[in-house]
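Just so it is clear, none of the values below were taken in a lab; they were calculated from the coordinates. Values in this document were obtained by computation on a predicted structure and should not be read as measured data. Cβ placement follows ideal geometry from the backbone for every residue including glycine, while neighbour counts extend to all protein chains displayed.
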Amino acid sequence: MTDLNKELEMEMTAVREKLAFKMERSELALQKLLEHFIHPITCLPFTICKISQPDDIVYSLRQYILDTDVTLPHNSIENYVCITDDRTIRNRIREKEWRGLEEEGMKEKLKMTRAKEQPIANFSESINYKNADSNLGIQLKQMLRKYTLRKMKLEEREKKWKVIHSEKPDTSINHKHDVLIMEESEKTIGDYKLKTLSTFNLLEERDISFSKYKELLNCWKKLYYLQEAFNAKLKTVRTKKEYLHTKVLRLRKDLKNIHVEIPLQSTKCLPTIPTSNINIEYPEKKVMVRIYIFYYLLYVLGRYCGLVVVC
């Protein structure tokens, strides 16, 4: 008996683990479907059929929720743009000042090095090594040799740099290959203001882009409110149709009760009332019913297998 209970408990735990994975996967799939199809829109797309002619259908517009994070107040955006413009101007002024100071510092360093080299060279040439002591003369010769070697290296380096600068392509002369590429690009690229141009103004371009973005936001708002007004009118028509349909059904029921009380000769055939298609006219009811059924089944399975389901 104990062995049977253990086997039953093991099988129940295995079933619980399998069902727990399936339930978690199905819950995630449902959540993803809701986030992709239902949550981004204001209401589910519906239709309204004509009562006398059901083939005549009016469709609602698929309206997405207006993102308030994107449609920020224009004043805050303008203030932010002004602050960034002031910062860029200040940074440019600081960069120019730093460049000027660096150039002045480099010039002063060159002057100092040249001033140091000239007296050393003059002093080394004026020394008479024969009259000096042997040790002092050797040290002076070594220092002079190091100085001359260093000077020769610097001169060779300057010559190499001159050769490198001379081998650079001349910016004033245009090569044939470059001219052909530029002509082809001018024909195909269109009229664009490049940032490398001297006439390019970043502040002006930013103002233009900001004004265009503002126009785009206004267009989105207008479109949203137009769609909302159209869908609201359709909803009022749908509620009115539902009210009339229920009223006609109630009157038809009253006529049936009256026919029971009057003679058969006085009775007349009751009119056939067209039925409304709930699946296309009221899709939100169908979706909500399916969601409730799904969560109810999950709850029942969880109760049966001893699992906790968060709905």
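Tabulated results
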item: Over 30 Å (Cα to Cα) - which of LYS32/LYS221; LYS32/LYS286; LYS32/LYS247; LYS240/LYS286; LYS241/LYS286 fall in this group; result: LYS32/LYS247
item: Listed residue (ASN5, SER52, VAL15) projecting farthest to the positive dipole end of region 1-53, Cβ model; result: SER52
item: Highest to lowest packing among 159-170, 32-43, scored as the average C-beta count within 10 Å; result: 32-43, 159-170
